[in-house]
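Worksheet for the structure shown next.
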Number of protein chains: 2
Amino acid sequence: MSEKVTIATVARHARVSRQTVSNVLNTPHIVREETRQRVQEAIATLGYRVSQAARQMRTGRSRLLAVRIEPTRDGINGSVLDRFLHGLTETAEVAGYRVMLYTADDTAREIAAYEDLLSAYDLDGFVLTGTDHGDPRTAWLAEREVAFVAFGRPWDDLTAHPWVDVDGAAGTARATAHLLARGHRRIGFLGWPAGSGVGDDRRAGWRDALREAGIDPAGLDRAVEDGIAEGEWSMRDLLDADEPPTAVVCASDSLALGALQAVRAADPAVAVIGFDDTPVAAATGLTSVSQPLGEAAARCVDLLTAVLDGDQQSPEPVLLQPSLVLRHTA
Amino acid sequence: MSEKVTIATVARHARVSRQTVSNVLNTPHIVREETRQRVQEAIATLGYRVSQAARQMRTGRSRLLAVRIEPTRDGINGSVLDRFLHGLTETAEVAGYRVMLYTADDTAREIAAYEDLLSAYDLDGFVLTGTDHGDPRTAWLAEREVAFVAFGRPWDDLTAHPWVDVDGAAGTARATAHLLARGHRRIGFLGWPAGSGVGDDRRAGWRDALREAGIDPAGLDRAVEDGIAEGEWSMRDLLDADEPPTAVVCASDSLALGALQAVRAADPAVAVIGFDDTPVAAATGLTSVSQPLGEAAARCVDLLTAVLDGDQQSPEPVLLQPSLVLRHTA
DNA sequence: TATCCGAATTGGATCGTTCAAGATGGCGAG
DNA sequence: CTCGCCATCTTGAACGATCCAATTCGGATA
């Protein structure tokens, strides 16, 4: 509308100095109650907002967080990111931060993106997703003392950096327990080849749950790449065994969906449980393990702001429990 | 590493003044070739980057675009946003802009978010998705002369503001034509209640395609809210008619998925085509109309930067053609 | 009454960039 | 030879916030 409202406008209006207004905003406790209120009122009536650019220039902090938005490899699992992003943005807003996106095709480019974001935009922190064994990104960031949180455990060293994750083993264990309770004994597992932290973890949850129930898991699982087709043929393979399973837990909804197709053709009574509770699962009535993505995002922001606001250097990691969403397939 | 590299560091290193460095960056044509190269070299060796905060403070422009990330209403259609966002971020990066996210539960809050983003972050422009008839957001933005593009037509006045959209009518027409070519004559349509621009458009495409083929569309369509259950019972209703359709075109993958369930129970030969080519469609083998989201995003950025860089006040809107992704269901 | 204290407030400098205006030097026209 | 012009480059000021050091002021103490 009219003139630009700066801290000086507010100061004049409240008959105090610029510094007092600044104190009201940043260190309210050192300002007398009465003065503080007068300033607050002026801020409200004038509709004043701190110029982030000016503040940033002086303090070197931008109140900006960055997340990489991935090239949606697999359409099914890609939609997980969607919910995570929303949660992140929402929680960040409450904490006074904003979320900025960036893309990167490979790790080298991603590090180049860090350099740009840090030096040009003075980014405060990063949220990483899908960190790997010995991830060069975390090393790079740690070396430069840039604040970051990973959504996903650093599998080699759990204290390497702050992280938030969902307990995948607990998820598959829960799914297995559900099937056991339903009377199933021969419960199979469709997962990925050994070596990926996430995949091994999910397989372990199933295996341990079976063993605990006194059942030998040997021969009841298969390891394939992720995908619907892979799920279908490996399930068919499983069903062709001497003693085929009467139920199967899968490491992803993609695999589960494939398994479902094999099951429909062979023996529709076989129960199937997926992982991630993607829209596809909801749409097809697939029972699936659901990750609390909104909460995961919120905790990521919590950890990051804890570091940024100097409360603590390395806040306690967070391991969230998934839940089982029951639908028609189990 | 060492000291912070500012424009002054570069100037000293290249033995020119600050302003000359600034000119190299912003108005290279007024700098002598030889000097320009020397400055460019200095920039490269020192790894200098413009401080966006300082630039923003002086110019009032932030090179930041904002997009709202929605609360993922329907999981199925929600994942469309994912792909769009990725395209947006990627194209924006090339044009020297960054994408910032925000959330808002309703229109009033969204406008409040505009105020904050504009005054606190000096946002340059907005990308709106899902604009409605007489959308208060577009009015608000237009009144304040804030740059924005909508992904989705302003249905009441096509010249109201810059927009990018996908030709939904062409999509359903293409789907219908495909079915006609396959020999189908009684082709039904499952769509939404009249009143939504997008829905009416998609219905019109089907209707006109049928008429053009000399077929009366009367009685062959249903109008229901979006959803799998709705799709299922309205399809069942359609199949119960005297002369049931042998194929059906749907306004969304959700409806199509419901229709598919009804079809499987009644007459598996009936062909079904969805809309949006969501991951669910890919996973379930549903033939669907696919929107070029990546390109749509890119064109949004193009339009927005055209306005921002002052090339033109109101650039020509863009209408993109969807394509038909053939799978098993048609 | 003089002195001191600390809480509250003030004015000036500063962050890194761009804008506006001024300086320099070469060259051709009068 | 001088003037003006153009192209090129330089200098000082400003954007709006925060930090720092200095100052005011009411009240407690000697």
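The values are calculated or read from the model by the stated rules, or taken from the named source; none is laboratory data. Just so it is clear, the model here is predicted, and its values are computed rather than measured. Cβ coordinates were reconstructed from backbone atoms using ideal geometry, including for glycine residues, and neighbour counts include every protein chain displayed.
At a glance:
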item: Sole exception among (1) at pLDDT below 90; (2) within 10 Å of DNA strand C (Cβ to nearest atom); (3) closer than 23 Å to B:D122 by Cα for A:E3, by number; result: (2)
item: Residue check for B:G219: under 20 Å from the mean Cα position of the chain (by Cα) and on the phi > 0 side of the Ramachandran plot; result: no
item: Count of segment A:26-51 residues which are within 8 Å of DNA strand D (Cβ to nearest atom) and within 12 Å of chain B (Cβ to nearest Cβ); result: 4
item: Residue that is farthest from the chain's Cα centre (by Cα) [pool: residues in segment A:282-297 that are part of a helix (DSSP H, G or I) and surrounded by fewer than 20 Cβ atoms within 10 Å (Cβ to Cβ)]; result: A:A282
item: Residue that is farthest from the other protein chains (Cβ to nearest Cβ), among those in segment B:58-73 that are of a type in the set (D, E, K, R) and away from DNA strand C (no atom under 12 Å from the Cβ); result: B:R73
item: Subset of segment B:17-57 that is more than 25 Å from A:Q52 (Cβ to Cβ) and among the basic types (K, R) - its residue that is farthest from DNA strand C (Cβ to nearest atom); result: B:R38
item: Residue satisfying condition, being outside the structural domain of B:R299 (by TED's automatic domain parsing) and at positive phi, within set B:R55, B:R15, B:R36; result: B:R15
item: Residue satisfying all of: in segment A:7-16; within 14 Å of chain B (Cβ to nearest Cβ) and within 12 Å of DNA strand C (Cβ to nearest atom); surrounded by the most Cβ atoms within 10 Å (Cβ to Cβ) among these; result: A:V10
item: Test for B:V272: is it assigned to a helix (DSSP H, G or I), β-branched (V, I, T) and buried (at least 17 other Cβ atoms within 10 Å of the Cβ); result: no
item: Pair list, Cβ < 8 Å and 6+ apart or interchain, from segment B:219-231 residues that are within 11 Å of chain A (Cβ to nearest Cβ) to residues that are part of a loop (DSSP other than H, G, I, E, B) and of a type in the set (A, V, I, L, M, F, W, C); result: B:G231/B:V224
item: Residue list for segment B:105-122, restricted to those being of a type outside the set (D, E, K, R) and more than 10 Å from chain A (Cβ to nearest Cβ); result: B:T107, B:A108, B:I111, B:A112, B:Y114
item: Enumeration of residues in segment A:17-37 that are charged (D, E, K, R), surrounded by fewer than 18 Cβ atoms within 10 Å (Cβ to Cβ) and part of a helix (DSSP H, G or I); result: A:R18, A:E33, A:E34
item: Any chance A:H133 is over 14 Å from B:V99 (Cβ atoms) and buried (at least 18 other Cβ atoms within 10 Å of the Cβ); result: no
item: Single residue of A:L304, A:L324 found to be assigned to a helix (DSSP H, G or I) and under 24 Å from the mean Cα position of the chain (by Cα); result: A:L304
item: Test: residue in segment A:296-319 that is within 14 Å of chain B (Cβ to nearest Cβ) and modelled with pLDDT under 95; result: no
item: Flag if A:E41 is farther than 25 Å from B:G60 by Cβ, in contact (Cβ under 8 Å) with a residue 24 or more places away in the chain and surrounded by fewer than 17 Cβ atoms within 10 Å (Cβ to Cβ); result: yes
item: Output for segment A:75-99, where each listed residue is facing another protein chain (nearest Cβ under 7 Å) and closer than 23 Å to B:T278 by Cα; result: A:G75, A:I76, A:G78, A:S79, A:L81, A:D82, A:R83, A:L85, A:H86
item: Conditions (1) more than 10 Å from chain A (Cβ to nearest Cβ); (2) out of contact with any Gly (no Cβ under 9 Å at 6 or more places or on another chain); number of the one not met by B:Y102; result: (1)
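Condition check ((1) modelled with pLDDT of 95 or more; (2) surrounded by fewer than 23 Cβ atoms within 10 Å (Cβ to Cβ); (3) closer than 18 Å to B:R61 by Cα) across all residues:
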site	(1), (2), (3)
B:D74	no, yes, no
B:V80	no, yes, no
B:A95	no, yes, yes
B:V99	yes, no, yes
B:A104	no, yes, no
B:R109	no, yes, no
B:F126	yes, no, yes
B:T129	no, yes, no
